[in-house]
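The values are calculated or read from the model by the stated rules, or taken from the named source; none is laboratory data. Since this is a predicted model, take the numbers as computed values, not measurements. Reconstructed Cβ throughout: ideal geometry from the backbone, glycine too, with neighbour counts over all protein chains shown.
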Amino acid sequence: MSEFAWIDAALTAARPQAIGALLRYFRDLDLAEEAFQDASLRALRSWPQNGPPRDVAAWLIMVGRNAAIDQVRRRGRQEALPDEAAISDLDDVETPLAERLDGADYRDDVLRLLFICCHPGLPATQQIALALRIVSGLSVKQIARAFMVGETAMERRVTRAKARIAGAGVPFEAPNPAERAERLAAVAAMIYLVFNEGYSAGAAERDDKAALPIEAMRLARLLLRLYPAEPEIMGLMALMLLHHSRSTSRFDAAGEIILLDDQDRRLWDRRMIAEGLALIDKAIRHRQRGPYQVQAAIAAMHARALRPQDTDWAHIDELYAALEQLAPSPVVTLNRAVAVSKVRGAEPALAMIEPLGERLAGYFHFFGLKGALLMQLGRAAEARDAFNQAIALATTPAQATHIRQHLDQLAKDAALQN
Amino acid sequence: MLYAFLCYNNEDAVFSWSQEEDDAVMRALHEVHAPLQRAGRLGPSVRLMPTTAATTLRKDCDPPLVLDGPYAETKEQLLGFYVIDCENLEAALDVAKDLAKANPGGAYEVRPLRGFAPGSLAPEAMAR
């Protein structure tokens, strides 16, 4: 690995902790970010000659803090700064560092940073933009591209989020335990949104969004280290690992989505699967089921099956039943119906999805599944209707092609009978 | 004399490597491994999953205490390790508890492996 790549990886890894600590000193996101930027530039100049410091984050914090204090002094800004006594011994930053960050500081700094980005006063779009900009360190350009927004619009989104935080007097103290649980759920939800934004990307946008699942998993790992005993965070991490393990087998050469049953399972990343399964194992011991854990368990059932026909659909049916209890939604029931059709046949599966018709009237997969079930039951005319509705709702060529194959099959069957 | 080489690094940085970067490091390491392997000097080498996959059994209390996460104290020192094939974490913790009964005090960190190579070392090597 080239020196530059090594430095880049080290800076990225240290970023949340360094910015978190700088935020503790300055209580200003912009200033903390600038300070980190400054320290990173100095690292690029100094590390290739002097070698990397032993504690990368502590180095960046120290250098960043001094640079920012100089900045503030130069600009003559009258802002509250840490008192001189606390900073007077930090002048010579190139000497071995006196500061030792203990575990508690690290935890509080990173949590404060994540909680501020996911403040309940911010809409989800701003939470995501802020977290990717500040915690992950993606450029505004990268984030704008990933979310199909113009760069200026994304810049405005980030600025507005920062202004709202500064203006709302968002407390920089770590929240109390009750708030903490709520905010933790908000951070987890933000991370999963970032992941899905990348994971569900179609062919045309895939390159621009490729960084999102990686950043989401990095953030989840960070969160898991801060909350090592939270089964839902283990579940979230496992869920993303298990989905992402299939990333190379999900698209064909033309960039079209390949359905799970048709994927080349030898391409699945076994290391990610193993780590996902290990995390599910850890989570199960807590005996506190939650939606992320159950979804991860469902993904694990697919990951464990070496061939589609090895899939344990009965267990998947049970897991979806649990998910219906924990996080009811028509889409969950629709997914459960797929498992039911494999275990108990098309009839009960059809009965299960029929009541969903109104709520899923604009949903491609509802009509796709309904058509397939009707076709299995030999109700050709009704199946054709459902498939035609599905085609009208298809959002990708692959979806339409898939349905057209079913319609062709129906036409062939009808010709045979005549 | 047989030596154990314990590998330390910043996992945030290592797990930030792209597949290409990871492959490049593994290729460079392989260059070093190969002659040792051919000479029958290389024992088992393992690559561990990140610490987020770890579970720790404190065995200085009875019954032992299971904690999520890696061994995080500084008052004990690393004195040895096992690689044991177990059905799942529950089974691994059962083995750890049996070991704890035979040898109380301290802790076991139970961490799944990401990779394993048995090496080429003959069992008699210790006698040499």
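For region B:30-68, enumerate the residues that are of a type in the set (Val, Ile, Thr), touching a helix residue (DSSP H, G or I) at 6+ places or on another chain (Cβ under 8 Å) and farther than 19 Å from A:Gly276 by Cα.
Listed by number, the list holds a single entry, B:Val66.
Quick check on my filter: what residues within region B:44-61 are assigned to a loop (DSSP other than H, G, I, E, B), under 16 Å from B:Leu113 (Cα atoms) and away from every other protein chain (no Cβ under 14 Å)?
Of everything in region B:44-61, just one residue is assigned to a loop (DSSP other than H, G, I, E, B), under 16 Å from B:Leu113 (Cα atoms) and away from every other protein chain (no Cβ under 14 Å), namely B:Pro44.
Yes/no matrix, rows are residues, columns are (1) among the aliphatic types (A, V, I, L, M); (2) in a helix (DSSP H, G or I); (3) under 17 Å from the mean Cα position of the chain (by Cα):
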| residue | (1), (2), (3) |
| --- | --- |
| A:Ala229 | yes, no, no |
| A:Met237 | yes, yes, yes |
| A:Ala283 | yes, yes, no |
| A:Gln288 | no, no, no |
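What do you reckon, is A:Pro52 within 12 Å of chain B (Cβ to nearest Cβ) and crowded, with 18+ Cβ neighbours inside 10 Å?
no
Right, B:Leu6: more than 14 Å from chain A (Cβ to nearest Cβ), under 18 Å from the mean Cα position of the chain (by Cα) and at pLDDT 95 or above or not?
yes
Check whether at least one residue in region B:26-43 is touching a Phe, Trp or Tyr at 6+ places or on another chain (Cβ under 8 Å) and either more than 9 Å from every other protein chain (Cβ to nearest Cβ) or surrounded by 13 or more Cβ atoms within 10 Å (Cβ to Cβ) (or both), and report yes or no.
No, there is no match, as no residue in region B:26-43 is touching a Phe, Trp or Tyr at 6+ places or on another chain (Cβ under 8 Å) and either more than 9 Å from every other protein chain (Cβ to nearest Cβ) or surrounded by 13 or more Cβ atoms within 10 Å (Cβ to Cβ) (or both).
Scan (1) modelled with pLDDT under 95; (2) assigned to a helix (DSSP H, G or I) for the single condition A:Lys342 breaks and write down its number.
(1)
Being farther than 30 Å from B:Asp23 by Cβ, more than 13 Å from every other protein chain (Cβ to nearest Cβ) and over 18 Å from the mean Cα position of the chain (by Cα) narrows it down to one of A:Trp268, A:Trp313, so name that one.
Sole residue among the options that is farther than 30 Å from B:Asp23 by Cβ, more than 13 Å from every other protein chain (Cβ to nearest Cβ) and over 18 Å from the mean Cα position of the chain (by Cα): A:Trp313.
Between a first residue in region A:314-330 that is basic (Lys, Arg) and a second residue that is buried (at least 16 other Cβ atoms within 10 Å of the Cβ), which pairs have beta carbons less than 9 Å apart while being 6 or more apart in sequence or on different chains?
Correct list of pairs: empty, since none qualify.
So the check is Cβ under 7 Å with 6+ separation or different chains; which pairs have a first residue in region A:253-274 that's at positive phi and a second one that's in a loop (DSSP other than H, G, I, E, B) and surrounded by fewer than 18 Cβ atoms within 10 Å (Cβ to Cβ)?
Between residues of region A:253-274 that are at positive phi and residues that are in a loop (DSSP other than H, G, I, E, B) and surrounded by fewer than 18 Cβ atoms within 10 Å (Cβ to Cβ), the close pairs are A:Gly255/A:Ala203.
Could you tell me whether any residue of region B:62-78 is within 14 Å of chain A (Cβ to nearest Cβ) and under 14 Å from the mean Cα position of the chain (by Cα)?
yes
Rundown of residues vs (1) within 18 Å of A:Arg183 (Cα to Cα); (2) buried (at least 21 other Cβ atoms within 10 Å of the Cβ); (3) within 14 Å of chain B (Cβ to nearest Cβ), yes/no style:
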| position | (1), (2), (3) |
| --- | --- |
| A:Ala203 | no, no, no |
| A:Arg206 | no, no, no |
| A:Leu212 | no, yes, no |
| A:Ala216 | yes, yes, yes |
| A:Leu226 | yes, no, yes |
| A:Gly235 | yes, yes, yes |
| A:Ala238 | no, yes, yes |
| A:Glu256 | no, no, no |
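Is it the case that some residue within region A:400-407 is in contact (Cβ under 8 Å) with a residue 40 or more places away in the chain, closer than 30 Å to A:Ala254 by Cα and out of contact with any Phe, Trp or Tyr (no Cβ under 9 Å at 6 or more places or on another chain)?
yes
Yes/no matrix, rows are residues, columns are (1) touching a Gly at 6+ places or on another chain (Cβ under 6 Å); (2) more than 25 Å from A:Ile233 (Cα to Cα); (3) not in a helix (DSSP H, G or I):
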{"position": "B:Ser16", "(1), (2), (3)": "no, no, yes"}
{"position": "B:Ala28", "(1), (2), (3)": "no, yes, no"}
{"position": "B:His33", "(1), (2), (3)": "no, yes, no"}
{"position": "B:Pro63", "(1), (2), (3)": "no, yes, yes"}
{"position": "B:Ala72", "(1), (2), (3)": "no, no, yes"}
{"position": "B:Glu76", "(1), (2), (3)": "yes, yes, yes"}
{"position": "B:Leu79", "(1), (2), (3)": "no, yes, yes"}
{"position": "B:Tyr82", "(1), (2), (3)": "no, yes, yes"}
{"position": "B:Leu93", "(1), (2), (3)": "no, no, no"}
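A:Trp47 - would you say it is under 27 Å from A:Arg225 (Cβ atoms), modelled with pLDDT of 90 or more, in contact with a Pro (Cβ under 7 Å, 6 or more places away or on another chain) and surrounded by 17 or more Cβ atoms within 10 Å (Cβ to Cβ)?
no
Being away from every other protein chain (no Cβ under 14 Å) and in a helix (DSSP H, G or I): is that true of A:Glu275 here?
The answer is no for A:Glu275.
Across region A:243-254, what is the total count of residues that are crowded, with 20+ Cβ neighbours inside 10 Å and more than 14 Å from chain B (Cβ to nearest Cβ)?
Residues meeting the conditions: 2.
Filter region A:156-201 for residues that are out of contact with any Asp or Glu (no Cβ under 9 Å at 6 or more places or on another chain), at pLDDT below 85 and not acidic (Asp, Glu) and give the result.
Correct list: A:Gly167, A:Ala168, A:Gly169, A:Val170, A:Pro171, A:Phe172, A:Asn176, A:Pro177, A:Ala178, A:Arg180, A:Ala181, A:Ser200.
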